[in-house]
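Please read the structure below before turning to the comments.
The values are calculated or read from the model by the stated rules, or taken from the named source; none is laboratory data. Just so it is clear, the model here is predicted, and its values are computed rather than measured. Cβ placement follows ideal geometry from the backbone for every residue including glycine, while neighbour counts extend to all protein chains displayed.
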Amino acid sequence: MADPITNNAAIAPLISLLKAATRIGLPMREGVAEPEQLSVTELRILLALGGEGDMAGHEMAEFMAIQPMNISRALARMAEAGLVKAIDNSGNRRRKPYRLTSDGQARFEGLEARMRAVADFAFGGLSAEERTLAGALLDRVDQQLMTWDSAA
């Protein structure tokens, strides 16, 4: 019997994306997070704040599809370690944004070599042009995914 999911040309790219998204976790954990003595959630927060800028905990939870309690716990550990700090937001007491401290920014910038090693491993079979195309296509998919309306 034919598999109506994995043998469906319209669904196959989604299956491939799901597999890659799952499999990248191990190299990111072992190649970046653990050597930096960070949990995967802490690494994701460091990358989000370093790349996207200030964010509140609930925004990070939505952005990264992680439970808010896990974000809150990781932020507390990172604040205790001096990597993040809460920003005064007296104009909106319900939103508590965080930003990287100078130590957090230095840690973020120091990830480049480890991130490059994982990128070289993950995209090692691609030419420079194919890497550029892969990045552009993944950016387009990401932009589309950001338009998902959970309420619909």
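So the values come out like this:
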{"read-out": "Residues (out of contact with any helix residue (DSSP H, G or I) (no Cβ under 7 Å at 6 or more places or on another chain) and hydrophobic (A, V, I, L, M, F, W, C)) located in segment 18-34", "value": "LEU18, ALA20, ALA21, LEU26"}
{"read-out": "Subset of segment 80-106 (residues that are of a type outside the set (A, V, I, L, M, F, W, C), within 20 Å of HIS58 (Cβ to Cβ) and surrounded by 13 or more Cβ atoms within 10 Å (Cβ to Cβ))", "value": "LYS85, ASN89, ARG95, LYS96, PRO97, TYR98, ARG99, GLY104"}
{"read-out": "Residue check for GLN67: more than 27 Å from LEU145 (Cα to Cα) and surrounded by fewer than 17 Cβ atoms within 10 Å (Cβ to Cβ)", "value": "no"}
{"read-out": "Answer from GLU109, GLU129 - the residue that is at pLDDT 95 or above, surrounded by fewer than 12 Cβ atoms within 10 Å (Cβ to Cβ) and within 15 Å of LEU46 (Cβ to Cβ)", "value": "GLU109"}
{"read-out": "Positions within segment 130-152 being over 17 Å from MET64 (Cβ atoms), in a loop (DSSP other than H, G, I, E, B) and among the aliphatic types (A, V, I, L, M), in sequence order", "value": "ALA151, ALA152"}
{"read-out": "Lone qualifier among ASP88, ASP54, ASP142, ASP120 - being on the phi < 0 side of the Ramachandran plot and either touching a Pro at 6+ places or on another chain (Cβ under 8 Å) or of a type in the set (Phe, Trp, Tyr) (or both)", "value": "ASP54"}
{"read-out": "From the options ARG99, ARG73, residue that is in contact with a strand residue (DSSP E or B) (Cβ under 8 Å, 6 or more places away or on another chain), more than 17 Å from MET28 (Cβ to Cβ) and modelled with pLDDT of 95 or more", "value": "ARG99"}
{"read-out": "Residues being over 13 Å from LEU75 (Cα atoms), without any contact (Cβ under 8 Å) to a residue 24 or more places away in the chain and surrounded by fewer than 19 Cβ atoms within 10 Å (Cβ to Cβ) - total across segment 30-50", "value": "3"}
{"read-out": "Helices (runs of 4 or more DSSP H) lying entirely in segment 67-129 (those with 1 or more residues that are within 19 Å of GLU36 (Cα to Cα) and touching a Lys or Arg at 6+ places or on another chain (Cβ under 7 Å))", "value": "68-80"}
